[in-house]
Amino acid sequence: MKISAPKGTRDILPAEIGRWHKAQKTFADVCHMFGYEEIRIPTFEDTDLFQRGVGDTTDVVTKEMYTFEKSGRSLTLRPEGTAGVVRSFIENGMSSMPSPVRLFYDITAFRYEKMQKGRYREFHQLGLEAFGSQGPEIDAEIISVLDVFFKKMGISHIGLKINSIGCPKCRNEYNKILKDHFRPHIAELCEDCQTRFEKNPLRMIDCKVDGEKELIKTAPRLVDYLCDDCRDHFDSLKNRLDNLGIAYTIDPNIVRGLDYYTRTVFEFVSENVGTQGTICGGGRYDGLVETVGGPSMPGIGFAMGVERLLMEAEAQGVNFEEPHYVKIYLAGMSDAARDFIAKACYDLRLAGVGCEQDLCGRAFRAQMKYAGKAGIPYLCVIGDDELSSGRIKIKKMEDGSEEEIDIKDLVSYCQTNM
Ligand code: HAM
């Protein structure tokens with residue numbers, strides 16, 4: 001029986017790994033520049049963490065989690081990174097560290113979703129979380145992390161949409177208004193929305209089934225019912241983005257698919273990455289640390305889907321130069337030369353120069369063909385004549401030029417010139 005990769009997963013092959021490294025390294029560099037440090041968290045956590053953290057009325061928790069039991073304990077493959085980072089923040093006593101505590105991550109995540117362009121069941125996220133700052137300065141700063149990152153990647157014109165979904169105080173008031181709007185028509189809505197109506201009416205706004213219905217489109221928007229503090233926070237965020245020259249639009253429909261958000265929510269969107277178009281999503285979650293069992297502590301963060309980011313980069317024609325790690329091919333014409341080459345390759349690698357030799361018993365011509373096909377930029381042919389004269393030629397494949405050097409200078413020549 002042929003075994004294929006499970007639906008919704010994909011291999012990342014050597015031909016495309018260069019662009020992944022570029023995204024991951026650029027993200028880490030930009031995060032470091034803003035004072036963030038990397039955290040690595042487990043791939044699976046107690047199921048309860050996501051139920052409490054992400055929210056038990058969300059699609060992610062009710063429909064999309066990969067949950068399994070071991071030794072009577074329910075565990076779940078992480079569907080996102082925030083809940084795990086918050087758990088680690090609490091467990092490792094990070095709340096006693098100077099604020100803000102800034103953490104970034106580079107993870108795989110798992111959601112049992114319907115396959116679509118840009119939507120996988122195993123996917124990758126680059127994200128960050130910051131704890132201990134009420135904002136709105138930090139809200140603007142984390143958006144600027146993304147702005148700088150996109151620029152360094154050579155990606156432009158990704159739309160930034162922002163919204164405020166208020167605090168529990170204004171949300172309570174708004175929920176009543178929203179319920180009044182939906183109550184006379186509740187029977188027209190899907191089963192999920194009927195449950196949401198009781199448990200979490202805000203979630204009805206981004207229902208995947210009913211989202212396009214007039215009743216949802218005409219629903220009152222939370223941004224129009226913010227309390228004074230939340231309105232000031234949102235206005236101040238807008239001023240700060242204006243000051244940084246970061247363009248945005250206000251989209252009252254952004255409520256995000258996870259329950260932990262308060263106040264600022266935002267998304268970077270593009271039509272190149274599939275029906276939902278979201279490359280990156282994030283926001284503030286001032287109640288989450290407490291919900292997961294920690295102290296009262298504001299938090300904010302975002303995560304970006306790497307698959308979607310790279311789709312966008314490709315659609316924008318970003319050129320990813322793949323570096324040549326192997327700089328020189330040493331082709332051997334005799335047994336003695338092959339012995340010499342084996343030791344020379346060892347010395348070159350110790351000295352930090354990537355190189356290759358034949359490992360498949362290829363004849364001389366076949367070795368040359370292999371080096372050409374592999375695109376190795378330099379070639380050196382070594383036979384008995386070169387061993388006895390002590391002189392070798394290094395050929396630059398790009399223009400065919402050759403330089404003759406002493407065989408004993410091979411390592412230092414390569415270190416200096418390649
Ligand atoms: P999210 O919006 O659920 O937020 O996911 C963030 C990003 O992950 C999305 O914008 C998208 O690019 C990518 N993504 C999500 N699901 C899939 C999928 N099935 N296939 C491919 N890519 C996907 C979060 O995960 C929050 N934890 C973000 C956050 C961090 N908020 C505060 N801190």
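The values are calculated or read from the model by the stated rules, or taken from the named source; none is laboratory data. It should be emphasised that the depicted structure is a prediction, and the values quoted were computed from it without experimental measurement. Reconstructed Cβ throughout: ideal geometry from the backbone, glycine too, with neighbour counts over all protein chains shown. The protein model used for the area step is the full one, side chains on, heavy atoms only, and it has no ligands, DNA or RNA in it. Shrake-Rupley method; radii C 1.70, N 1.55, O 1.52, S 1.80 Å.
Structure above, values below:
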{"item": "Among (1) open to solvent by 20 Å² or more (accessible area, probe 1.4 Å); (2) under 21 Å from residue 287 (Cα atoms); (3) free of Cβ contacts under 8 Å to residues at least 60 places away in the same chain; (4) within 16 Å of the ligand (Cβ to nearest atom), the one test that residue 256 misses", "result": "(3)"}
{"item": "Candidates 76, 67, filtered to the one that is over 16 Å from the mean Cα position of the chain (by Cα), among the polar types (S, T, N, Q), surrounded by 13 or more Cβ atoms within 10 Å (Cβ to Cβ) and under 29 Å from residue 132 (Cβ atoms)", "result": "76"}
{"item": "Residue 264 being modelled with pLDDT of 95 or more, open to solvent by 60 Å² or more (accessible area, probe 1.4 Å) and in contact with a strand residue (DSSP E or B) (Cβ under 7 Å, 6 or more places away or on another chain)", "result": "no"}
{"item": "Filter pass, residue 107 being within 11 Å of the ligand (Cβ to nearest atom), outside any strand (DSSP E or B), in contact (Cβ under 8 Å) with a residue 60 or more places away in the chain and in contact with a strand residue (DSSP E or B) (Cβ under 7 Å, 6 or more places away or on another chain)", "result": "no"}
{"item": "Residues satisfying the stated conditions in the stretch 1-18, i.e. of a type outside the set (Gly, Ala, Ser), open to solvent by less than 50 Å² (accessible area, probe 1.4 Å) and in a helix (DSSP H, G or I)", "result": "16"}
{"item": "Criterion: of a type in the set (S, T, N, Q) and buried (at least 19 other Cβ atoms within 10 Å of the Cβ) - qualifying residue of 26, 62, 58", "result": "58"}
{"item": "Residue 160, sole failed condition from (1) open to solvent by less than 40 Å² (accessible area, probe 1.4 Å); (2) in a loop (DSSP other than H, G, I, E, B); (3) at pLDDT 95 or above; (4) within 13 Å of the ligand (Cβ to nearest atom)", "result": "(2)"}
{"item": "Residue match in the stretch 309-329 (condition: within 16 Å of the ligand (Cβ to nearest atom) and in a strand (DSSP E or B))", "result": "no"}
{"item": "Candidate set from the stretch 267-281 (those that are more than 8 Å from the ligand (Cβ to nearest atom) and part of a helix (DSSP H, G or I)); member that is surrounded by the fewest Cβ atoms within 10 Å (Cβ to Cβ)", "result": "271"}
{"item": "Number of the condition not met by residue 46 [criteria: (1) within 16 Å of the ligand (Cβ to nearest atom); (2) without any contact (Cβ under 8 Å) to a residue 40 or more places away in the chain; (3) of a type in the set (Asp, Glu)]", "result": "(1)"}
{"item": "Residue in the stretch 333-352 that is under 28 Å from residue 21 (Cβ atoms) and acidic (Asp, Glu) present", "result": "yes"}
{"item": "Residue ID - farthest from residue 84 (Cα to Cα), chosen from residues in the stretch 288-309 that are open to solvent by less than 10 Å² (accessible area, probe 1.4 Å), under 17 Å from the mean Cα position of the chain (by Cα) and not small (Gly, Ala, Ser)", "result": "309"}
{"item": "Near pairs, Cβ below 6 angstrom, 6+ apart or cross-chain, from the stretch 169-192 (assigned to a loop (DSSP other than H, G, I, E, B)) to any residue that is aliphatic (A, V, I, L, M)", "result": "190/209"}
{"item": "Subset of the stretch 318-350 (residues that are open to solvent by less than 60 Å² (accessible area, probe 1.4 Å), without any contact (Cβ under 8 Å) to a residue 60 or more places away in the chain and of a type outside the set (S, T, N, Q))", "result": "326, 329, 330, 331, 332, 336, 337, 341, 342, 345"}
